[in-house]
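This report concerns only the one structure given below.
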C-alpha cells in the first residue's frame, strides 16, 4: 500500500504500466517490444499479440500522420506561417504529404469518428475518459471505439 502511494507521488506518474508485447512485423514474424501505456488506451488494447495487428498499425500510422501534419499540438505552426529560416516561406514537404494522406481518410471516417479517434489514438485517452466526455456508459463507448478503429483500418486500406 505504501509503495503504491510513493509511486504515485513520483514526477510524471500518470498510471502507465510497462509491459512486453510481441508486435507483428510480417505474417510470420513477431518482435518483442517494451511498451508503456495506461490501461484502457489504444496501445494497451491493440498493441498486444492477441489483438488485430492491422488495426494497431492503422491507428499508429494515423497518429504519426496527424503529428507530421502539424495538427497534433496547439503550438504547431499554422498553414500560413513561416516554416523555415531566412526568406523561405511555406510548409515543409513532409507536412504536405501527411496532409494529402490524411484528407481522404478523414473524408471517409467522418467528424464524430475523427474526434474519438484523435482522443484515443493520438492523445492517448482511455475509453472511460472518452465516455465521460461523450456522456455515455463505458461499455457502450468501448464498442463504439472498436468500430471506429476498425473503420479507420478499412479507410487506410489495412483491412
*Taking the simple approach of a point 7 Å from Cα along Cα-to-Cβ for both residue 60 and residue 111, what is their distance in nm?*
3.3
*For a label point 7 Å from the Cα of residue 100 along Cα→C-beta, name the residues of the range 39-67 whose backbone N is under 19 Å from it.*
62, 64-67
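If each residue of separation counts as 0.36 nm, what is the full-extension length gain between residue 48 and residue 18 once their alpha-carbon separation is subtracted?
Values: separation 30, 0.36 × 30 = 10.80 nm, distance 1.24 nm.
Stretched out fully, the residue 48 to residue 18 stretch lengthens by 9.6 nm.
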_So, R0 is 30 Å and r is the distance between the beta-carbons of residue 138 and residue 34; what FRET efficiency does that work out to, to 0.05?_
0.60
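Laboratory data are not the source of any read-out in this text; all were calculated from the coordinates shown. Small disclaimer: the values here were computed from a predicted structure and weren't measured. Virtual Cβ from ideal backbone geometry, glycine too; neighbours counted across all protein chains shown.
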